[in-house]
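Asker: Got a structure for you, written out below as structure tokens; questions coming shortly.
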Amino acid sequence: MSSPLVRSGECRKFAPNIFNKTKCTNCFRQKEEHSAEALESNRASRKIAKCGYLFVAPGWDFTVPLNRTKRWQRRWFVLYDDGELTYSLDEHPETVPQCSIDMNKVVEVADGEELTGNAFSLLIRTAEDTCHFVKGTCREEARWWADVLSVFPRSKGRHKRNATFPGSQTSLSSASIIQSPVRGIFSKQTEF
């Protein structure tokens, strides 16, 4: 078995470190410092950490009341071990993903119900202030995805910020709910 390092010291294959997914296990350099060939080699051999169907609201601004009544789109989500979250129309591996989110650059994963008006929804906000809204079909599914996705912002040691819409200056009145730990969302007991 050959080593992933070439004699010149350049890593031939980016393999994410188990503690810091942005650094390579082989050479301990940042992901961005690797060549395109090394990154492509990683894409071919990476593992799926989690996958399943979720609903997505692509690029919707929920401050517009009409968007709160639109139908969400059902998509196949795949989270890879290197932190890339993609979604596509179906679960076939040949289907080209419609969107890719680098979870290593995500600032916040929070409960999105107050913002969207839809139960079991999650907000995924990137460092570029791009908001992605996804939702599950039940509380358990949403909690399951929230637990898996919330690992990425916490692993970077970032501080949580108020969830705001892109371009807006203030958060909604439910900032205390949105800033609560993700593990606490969807735990409200409903009595019948």
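Asker: ³J(HN,Hα) across the stretch 81-95 via Karplus (A = 6.51, B = -1.76, C = 1.60, θ = phi - 60°), whole Hz, x for Gly/Pro?
Answerer: Using θ = phi - 60°, the values come out as 5, 8, x, 8, 10, 10, 9, 9, 4, 9, 8, 5, x, 6, 5 Hz.
Asker: What distance in nm separates the two pseudo spin-label positions at residue 141 and residue 10, each 7 Å out from Cα along the beta-carbon direction?
Answerer: Label-label distance for residue 141 and residue 10, simple model: 4.5 nm.
Asker: May I ask which residue of 86, 137, 101 lies farthest towards the positive end of the charge dipole of the stretch 59-139, with charges of +1 (Lys, Arg) and -1 (Asp, Glu) on Cβ and the Cα centre as origin?
Answerer: In the stretch 59-139, that residue is 137.
Asker: Tell me which residues come under 5 Å, amide H to amide H, from residue 107 once H is placed; ignore anything under 5 positions away on its chain.
Answerer: HN-HN under 5 Å from residue 107: 125, 126, 127.
Asker: What are the aspartates and glutamates whose alpha-carbon lies under 17 Å from the alpha-carbon of residue 31, with same-chain residues fewer than 8 places away excluded?
Answerer: 10, 40, 81, 82, 84, 102
Asker: Which pairs, out of 13/105; 50/105; 47/70, put more than 25 Å between their alpha-carbon atoms?
Answerer: As for pairs spanning more than 25 Å Cα to Cα, those are 47/70.
Asker: Do any trypsin sites (Lys or Arg not before Pro) in the stretch 33-135 lie in a DSSP loop with no more than 14 other beta carbon atoms within 10 Å, and if so, which?
Answerer: Working: sites: 43, 46, 47, 50, 68, 70, 71, 74, 75, 105, 125, 135; in loops: 46, 47, 70, 71.
Those that pass, being in a loop and sparsely packed, are 47, 70, 71.
Bear in mind that the values in this text are calculations on the coordinates, not laboratory data. Every value quoted in this text rests on a predicted model; they were computed, and no experiment measured them. Using ideal geometry, Cβ is built from the backbone for each residue, glycine included, and neighbour counts are taken over all protein chains shown.
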